[in-house]
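Engineer: Below is one structure. I have some questions about it.
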Amino acid sequence: MIASRPRGKPASGTFDRHLAMARKTAATPPAKQAPKQRQAPAVPPSAPSKELHVFPNPAPERDYAIQFQIPEFTCHCPLTGQPDFAHVTIDMVCDKLCIELKSLKMYMWSYRNEGAFHEKVTNDILADIVRTCAPRFIRVSARWYVRGGIYTNVVAEQRKKGWKPQPQIELPAHETQTGLQRL
């Protein structure tokens with residue numbers, strides 16, 4: 001709050017100068033500095049790529065499921081050029097090699113500017129992963145968002161010849177515990 005002259009006191013030169021300076025300072029907003037813009041790197045840190053990288057399976061002696069969720073997959077319709085969006089889920093049981101996540105991300109990103117039918121894209125993803133790491137089992141499920149009033153779901157899967165999954169074990173169902181009290 002800016003001070004004002006006390007009531008009933010005569011104006012004094014010093015007080016008035018201080019009062020005028022305080023009002024001027026309060027009325028003048030501080031000078032804004034231009035926001036600093038980040039410089040674009042000479043080489044982007046990452047770019048779309050069709051190259052999938054692998055690493056050795058840390059537990060090849062057992063079957064275990066790996067699931068990748070790609071909720072923002074995009075490509076273009078090859079006929080209209082309109083964008084298509086899908087939620088892609090990849091379920092796999094690896095054999096000797098696993099897919100490296102960053103390369104999978106760049107691989108999925110590489111479809112962004114490509115035109116392809118839903119069925120082709122889903123099967124191409126499956127084929128490229130099989131060619132790269134030869135999993136025991138893989139399923140690629142693509143839930144395509146509505147287009148022309150129609151949702152499309154495409155599911156493609158492949159099993160390694162001779163591979164048989166372990167029988168599923170049914171465990172008793174228990175209520176989810178959250179640590180919160182119910183009211």
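Any read-out appearing in this document is the output of simple, stated calculations on the displayed coordinates, not a laboratory observation. None of these values were measured; they are calculated from a predicted model. A quick note on method: Cβ atoms are made from the backbone with ideal geometry, for glycine too, and the neighbour counts reach across all protein chains shown.
Engineer: Calculate one ³J(HN,Hα) per residue across segment 51-64 by plugging θ = phi - 60° into the Karplus curve 6.51 cos²θ - 1.76 cosθ + 1.60, and present them in order as whole Hz with x for glycine and proline.
Structural biologist: Whole-Hz 3J(HN,Hα) from phi for segment 51-64: 8, 9, 9, 10, 9, x, 4, x, 9, x, 6, 10, 7, 8.
Engineer: For segment 96-140, what class follows from the C-alpha gyration tensor (a ≥ b ≥ c being the square roots of its eigenvalues): rounded when a/c is under 1.5, otherwise prolate if a/b is larger than b/c, else oblate?
Structural biologist: Oblate shape, in that a/c is at least 1.5 and b/c is the bigger or equal ratio.
Engineer: I've got another one for you. Non-local amide H neighbours of Asp84 (under 5 Å, H modeled in plane, Pro and chain starts lacking H): which ones?
Structural biologist: Amide H neighbours of Asp84: Cys75, His76, Cys77.
Engineer: Using the Cα atoms as the points, what is the convex hull volume per residue of segment 38-89 in Å³?
Structural biologist: Considering the Cα atoms of segment 38-89, their hull volume per residue is 194 Å³.
Engineer: Another question, if that's okay. In segment 37-183, if the dipole is taken from +1 on Lys/Arg beta carbons and -1 on Asp/Glu beta carbons about the Cα centre, which of His87, Pro172, Ala65 is farthest to the positive end?
Structural biologist: Ala65
Engineer: What is segment 48-183's relative contact order, in percent, from Cα pairs under 8 angstrom and six or more apart in sequence?
Structural biologist: For segment 48-183, the relative contact order is 26 percent.
Engineer: How would segment 88-177 be classified by its alpha-carbon gyration tensor: rounded, prolate or oblate, with rounded meaning a/c under 1.5 and the a/b versus b/c comparison settling the rest?
Structural biologist: Oblate, because a/c is 1.5 or more while a/b does not exceed b/c.
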